[in-house]
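Q: Encoded as structure tokens, here's the structure I'll be asking about.
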Amino acid sequence: MSDNNFHPPRRTLMGPGPSDVPARILEALGRPTIGHLDPAFVALMDEIKSLLQYAFQTESPLTMPISAPGSAGMEACFVNLVEPGDKVIVCQNGVFGGRMKENVERCGGTPVMVMDAWGSAVDPGKVEDALKAHPDARALAFVHAETSTGAQSDARTLVELAHKHDCLAIVDAVTSLGGTELRVDEWEIDAVYSGTQKCLSCVPGISPVSFSERAQHRIANRGHRVQSWFLDMNLVMAYWGGKTKRAYHHTAPVNAMYALHESLLMLKEEGLENAWARHYRNHLALRAGLEAMGLSFIVDEPHRLPQLNAVSIPAGADDAAVRGRLLEEHNLEIGAGLGDLAGKVWRIGLMGHASRPENITLCLGALDAVLSDMGAEINAGAALPAAEKVLAAG
Ligand SMILES: *Cc1c(COP(=O)(O)O)cnc(C)c1O
């Protein structure tokens, strides 16, 4: 130890990610590094794959972590499934649908946009119209849990529509995995990607992905080589692959994989359904507190994500100043608005390990104190009793 060491402040992370990482996962990260082709590491890779199959609710053997953050999982899905000239229907109801569009374009494909308002779910009626109007489309892409707005779309229905029109379904599940119902096989999703730093509460920097048989067939029958060497699933599989001997492709982030394994073990120990129920229960308590305070949600009730609560900033509150004081005085991070919603909303995450009662009371107490002190228009003192009532009712 020297004065030059970096010692991060102890924060409570209730933004859009990264979320709080529990000590058990951080301890796993600090275990001795071994070779990435060491037989012990290869055995760990197999365990990670099977735990990921559980988390995604899939039996697909093409399920693995990409050694890079959620954005790389997104890119892996698009570069492998979209070829030059392909038409892809892309749904956009927030920031991340816009990135899907970028990906399609960079693969040489043609995106056909289905736009919905920020804060709304993707409208299946509009998607069906687009699929009918573009019978040559080869894929449908949408975000299951739009972290920029807190809206959840009906993945099962959208995938069904895609298949009815001979399209593959590419789904962003970065914020849904582990936090809200997601059933990859039952819903017949063809390509899905997630991230470790949201509801898995693991360190940022890894992206679990899974591809269906239909998607594997599309990849195997491409007319053009995948434009990205690093994300070419044909090559990645030789490293993460099935029965054959592992071949060097890249050096997996060995210690980060220990952490991912630990986080997936924790999810399995809790049980996926229990984790979904916990996220929902805690959302109800936070919601009761925020609404009692006088803040309103920007997403309609049936489409609200329990793990990402977007509320309007009340009159008389200075967005940046409030978030600054929460961080300085309460060591609490909440999320700012993104894109169209910048300066208009706060995004309060209850993701993974951060989704617990003590975080709800910390957040409501801190918000109440800072907003009251600033003279913002809120019902001071109302939030905590309202949340505690819900928490007590279990
Ligand atoms: C966070 C997020 C991403 C990107 O993940 P990174 O780990 O930041 O690269 C993609 N899609 C959604 C919906 C997200 O919330």
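The values are calculated or read from the model by the stated rules, or taken from the named source; none is laboratory data. Since we're looking at a predicted model, the values are computed, not measured. Cβ atoms come from the backbone with ideal geometry, glycine included; neighbour counts cover every protein chain shown.
Q: Is it the case that the stretch 77-87 has a residue that's under 21 Å from residue 231 (Cα atoms), within 13 Å of the ligand (Cβ to nearest atom) and surrounded by fewer than 20 Cβ atoms within 10 Å (Cβ to Cβ)?
A: No; the residues of the stretch 77-87 include none that is under 21 Å from residue 231 (Cα atoms), within 13 Å of the ligand (Cβ to nearest atom) and surrounded by fewer than 20 Cβ atoms within 10 Å (Cβ to Cβ).
Q: Please count how many residues of the stretch 229-264 are over 16 Å from residue 64 (Cβ atoms) and either outside the structural domain of residue 64 (by TED's automatic domain parsing) or in a loop (DSSP other than H, G, I, E, B) (or both).
A: 2
Q: Of (1) at pLDDT 95 or above; (2) over 30 Å from residue 336 (Cβ atoms), residue 36 satisfies all except one. Which?
A: Evaluating residue 36 over (1) at pLDDT 95 or above; (2) over 30 Å from residue 336 (Cβ atoms) leaves (1) as the failure.
Q: Additional query: So how many residues does the stretch 155-208 have that are touching a Ser or Thr at 6+ places or on another chain (Cβ under 9 Å), closer than 27 Å to residue 282 by Cβ and crowded, with 23+ Cβ neighbours inside 10 Å?
A: 26
Q: Shifting gears a bit: Collect the residues in the stretch 347-379 that are out of contact with any Pro (no Cβ under 9 Å at 6 or more places or on another chain), closer than 16 Å to residue 313 by Cβ and surrounded by fewer than 22 Cβ atoms within 10 Å (Cβ to Cβ), keeping them in residue-number order.
A: Hits for the stretch 347-379 are 366, 368, 370, 372, 373, 374, 375, 379.
Q: Can you go through 91, 107 and tell me which one is under 21 Å from residue 231 (Cα atoms), in contact with an Asp or Glu (Cβ under 8 Å, 6 or more places away or on another chain) and crowded, with 18+ Cβ neighbours inside 10 Å?
A: Working: 91 fails: under 21 Å from residue 231 (Cα atoms).
Unique residue meeting the criteria: 107.
Q: Turning to a different aspect of this structure: Quick one: what pairs do we get from the stretch 53-80, first residue in the same structural domain as residue 42 (by TED's automatic domain parsing) and closer than 15 Å to residue 198 by Cβ, second away from the ligand (no atom under 16 Å from the Cβ) and of a type in the set (Lys, Arg), C-beta under 9 Å, 6+ apart or different chains?
A: If the second residue must be away from the ligand (no atom under 16 Å from the Cβ) and of a type in the set (Lys, Arg), the pairs left are 55/268; 56/183; 65/49.
Q: Please specify each residue of the stretch 81-111 satisfying the condition of being β-branched (Val, Ile, Thr) and in contact (Cβ under 8 Å) with a residue 40 or more places away in the chain.
A: Taking the stretch 81-111 as the starting set, the residues that turn out to be β-branched (Val, Ile, Thr) are 82, 88-90, 95, 104, 110.
Of everything in the stretch 81-111, those that are β-branched (Val, Ile, Thr) and in contact (Cβ under 8 Å) with a residue 40 or more places away in the chain turn out to be 82, 88, 89, 90, 95.
Q: If you take the residues in the stretch 172-187 that are in a loop (DSSP other than H, G, I, E, B) and closer than 19 Å to residue 76 by Cα, which one is farthest from the ligand (Cβ to nearest atom)? Explain how you work it out, then say what you get.
A: Pass one, the stretch 172-187, residues in a loop (DSSP other than H, G, I, E, B): 173-187.
After this cut, where a residue has to be closer than 19 Å to residue 76 by Cα as well, the list is 173-177, 184.
Values: 173: 8, 174: 4, 175: 4, 176: 8, 177: 10, 184: 16 Å.
Restricting to residues being in a loop (DSSP other than H, G, I, E, B) and closer than 19 Å to residue 76 by Cα, the top hit is 184.
Q: Across the stretch 292-331, what is the total count of residues that are in a helix (DSSP H, G or I), more than 25 Å from the chain's Cα centre (by Cα) and touching a residue at least 24 places away in the same chain (Cβ under 8 Å)?
A: 7
Q: Does the stretch 192-207 contain any residue that is within 17 Å of residue 88 (Cβ to Cβ) and in contact (Cβ under 8 Å) with a residue 12 or more places away in the chain? Give the steps one after another, and end with the answer.
A: Initially, the stretch 192-207 is screened for residues within 17 Å of residue 88 (Cβ to Cβ), giving 192-193.
Right, trim to in contact (Cβ under 8 Å) with a residue 12 or more places away in the chain and you get 192-193.
Checked the stretch 192-207: at least one residue is within 17 Å of residue 88 (Cβ to Cβ) and in contact (Cβ under 8 Å) with a residue 12 or more places away in the chain.
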